[in-house]
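Note sheet for the following structure.
The values are calculated or read from the model by the stated rules, or taken from the named source; none is laboratory data. Not measured: the values here are computed from a predicted model. Cβ atoms come from the backbone with ideal geometry, glycine included; neighbour counts cover every protein chain shown. When the accessible area is computed, the model is the full protein with side chains, heavy atoms only, and any ligands, DNA or RNA have been set aside. Shrake-Rupley method; radii C 1.70, N 1.55, O 1.52, S 1.80 Å.
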Amino acid sequence: MSEVLNDANWYVRLGTAAKSAGTPAFYENMLRLFGSGISHEYGFAVRYGNPESTDVLCTTGHPDFIVDEYKTTYHHVDPFGSFWRSTRRKGLVTSQQVLNDTAESRLYTGVFQRRAKISDEIGVVFPSPGKACIALFLESSDRKFSDKLAAHIENLFPALEGLHFAHLARTFGKLCELTPGADDASTTPILLMDRKGQVIYRSASWREAEDQEPRLSNVRKDIRTIDRCDFDISETMSLKVARLPDDFSIAPEGQICVLNWRPVRVATEKLAALDNHAIAPLTKLESDVLELIKLTKSSGQIAVELGIAKGTVKNYKQRLYRKFAVNSERELLGLLAKSRV
């Protein structure tokens with residue numbers, strides 16, 4: 001199969017797939033790249049989550065009624081999906097690996113494959129967030145794929161996987177565009193769920209917020225059953241929910257949840273008192289950080305409450321140490337305790 005890599009069209013499709021990373025067209029281009037130079041009649045790109053959340057991302061060659069039958073009926077008995085859920089194995093996957101003598105496997109091969117005119121399937125599996133995977137399949141109508149081809153695909157897999165991870169990185173980098181009311185998706189508490197409510201992704205700040213506010217877990221269950229886009233969690237915490245686009249491959253038709261925490265407000269008289277003990281005036285954010293330090297909040301907790309990065313909190317702590325002429329948080333707290341600020 002070395003002639004595949006000597007085909008100029010393969011490199012054109014490689015470039016097309018790379019440029020489309022982070023866009024809805026990525027896995028369609030990946031399927032074309034995967035099949036370039038390999039004789040096949042059909043192609044399938046699928047996201048396997050739990051048994052109830054198998055999503056068809058794109059297909060080539062199959063008539064619409066076959067794709068519809070798979071979506072409505074036969075995805076439940078897809079042996080490739082069952083194999084992924086039991087092994088979590090990435091890389092090459094073949095019919096020989098997954099087919100067995102179970103009723104589900106016989107229904108898939110004896111009914112669906114016959115109706116779809118599939119003689120053999122071979123694919124690659126990429127891990128995806130939320131205990132899910134993305135799988136690309138090539139399907140033949142009248143022959144079996146060879147061991148030589150399987151070896152070629154195994155050699156090709158690291159390059160394809162690298163493109164897949166580049167796509168994930170760009171997709172998560174664009175979360176801010178899907179996030180209602182968020183300016184920076186890297187620091188905003190964000191939760192992604194698929195259409196069945198399975199958690200796909202929780203940002204670090206979201207996990208810290210859940211640790212502090214157990215009611216967040218209960219609200220997560222309500223989101224799927226209550227037709228609302230705004231939830232008040234507490235006096236200082238509110239949640240916005242938006243539907244993900246159908247072509248958002250990580251979680252098609254899922255939901256994105258964004259947590260908003262109102263910043264801590266420090267009374268004017270307290271600001272003045274704090275400034276009296278500092279060698280330079282405090283900014284508003286420095287005062288907010290200081291108030292939370294006095295409440296013995298960790299850097300991570302402060303970052304979540306103020307909607308800033310954990311590294312930013314550490315930088316502001318250093319600024320406070322300099323302004324109060326101390327060397328540590330313990331010394332700062334001791335100084336404030338003596339002054340009763």
Exercise. Which distance in nm do the two modelled labels at Thr23 and Lys196 give, with both placed 7 Å along the Cα-to-Cβ direction?
Worked result: 3.1 nm
Problem set entry | Additional length obtainable on full extension of the chain from Arg89 to Ala8, 0.36 nm per residue less Cα span | 26.0 nm
Exercise. By a straight-distance test (C-alpha under 28 Å), which lysines pair with Lys117 as possible cross-link partners, with residues fewer than eight away in the same chain excluded?
Worked result: Lys71, Lys90, Lys144, Lys148
Problem set entry | Point-to-point label distance, Gln96-Val111, nm (Cα→Cβ direction, 7 Å offset) | 2.9 nm
For this session: Treating cross-link reach as a plain straight distance, find the lysines whose alpha-carbon is under 29 Å from the alpha-carbon of Lys294, omitting any fewer than eight places away in the same chain.
Result: Lys270, Lys284, Lys310, Lys314, Lys317, Lys323, Lys338
Seminar exercise, completed: Counting only protein heavy atoms and rolling a 1.4 Å probe, one gets per residue an accessible area for the range 1-152 in Å² of 45 Å²
Exercise. Gain in length, Lys240 to Val326, computed as 0.36 nm per residue apart minus the alpha-carbon separation, to one decimal in nm?
Worked result: 26.9 nm
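Hey, can you rank 298-308, 160-170, 99-109 by average C-beta count inside 10 Å, highest first? Write out the running numbers ahead of the final one.
On the way: 298-308: 20.8, 160-170: 17.2, 99-109: 14.0.
Final packing ranking: 298-308, 160-170, 99-109.
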Problem set entry | Label-point separation in nm, Ala204 to Ala159, each point 7 Å along Cα→Cβ | 3.5 nm
